[in-house]
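These notes are about the structure you will find just below.
The values are calculated or read from the model by the stated rules, or taken from the named source; none is laboratory data. Everything numeric in this text was worked out from a predicted model, so none of it was measured. A quick note on method: Cβ atoms are made from the backbone with ideal geometry, for glycine too, and the neighbour counts reach across all protein chains shown.
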Amino acid sequence: MKIGRVTWVGLTLSVIGWALLLGETAITDFISAQGPRAMPSSFHADFVDVAKSLIYSGFGLALVGSLQTGFGALNRFFEAVLVRSGQKTHSHALPPSPMADAYRREDIAPAPPPRVGRPYRTFSDGSVEVETIVGNRRFRSMSEARDFI
């Protein structure tokens, strides 16, 4: 799985926030060693708030980046399905089958078409409606349905 740039930036911000939070006592000791007046009284609380904000912001960015990557993959999948289904239905228009009239006659019983591995319904004009992963879809013939599946 590819990790996007936004996710990496978010994770980096979170790591920096955790480093500041865990290293707060060492940083405070270093600054107070420089002189008693070098550190304001609210330094500890402000430092912890900045570290927590970096952690929360980083995790938020990482989550947004992951969602962006995931929805991008879904979008590419559905575009590919739409392109594939559009090519099959609009590639060439088949003329009506000469056997269509024979299927309408009651004295001739047509042979059942071969299975395609999914639930389907046949119609009197020779077309087939097959249950696909994107819903029910009607094809001009059983061979066209097999090609699609």
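Identify, please: which residue in the range 2-54 is hydroxyl-bearing (Ser, Thr, Tyr) and assigned to a loop (DSSP other than H, G, I, E, B) and is, among those, farthest from Gly72 (Cα to Cα)? Ranking the qualifying residues of the range 2-54, first place goes to Ser41. Note on the range 55-139: no enclosed strands (runs of 3 or more DSSP E) hold 1 or more residues that are at pLDDT below 85 and touching a Cys at 6+ places or on another chain (Cβ under 7 Å).
Yes or no, residue by residue, for (1) loosely packed, with under 14 Cβ neighbours inside 10 Å; (2) touching a Leu at 6+ places or on another chain (Cβ under 7 Å); (3) among the hydroxyl-bearing types (Ser, Thr, Tyr):
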site: Phe30; (1), (2), (3): yes, no, no
site: Ser42; (1), (2), (3): yes, no, yes
site: Ala45; (1), (2), (3): yes, no, no
site: Val48; (1), (2), (3): yes, yes, no
site: Ser53; (1), (2), (3): yes, no, yes
site: Ala73; (1), (2), (3): yes, no, no
site: Phe78; (1), (2), (3): yes, no, no
site: Val81; (1), (2), (3): yes, no, no
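If you go through the range 1-28 and keep only what is small (Gly, Ala, Ser), more than 12 Å from Val48 (Cα to Cα) and surrounded by 12 or more Cβ atoms within 10 Å (Cβ to Cβ), you end up with Gly4, Gly10, Ser14.
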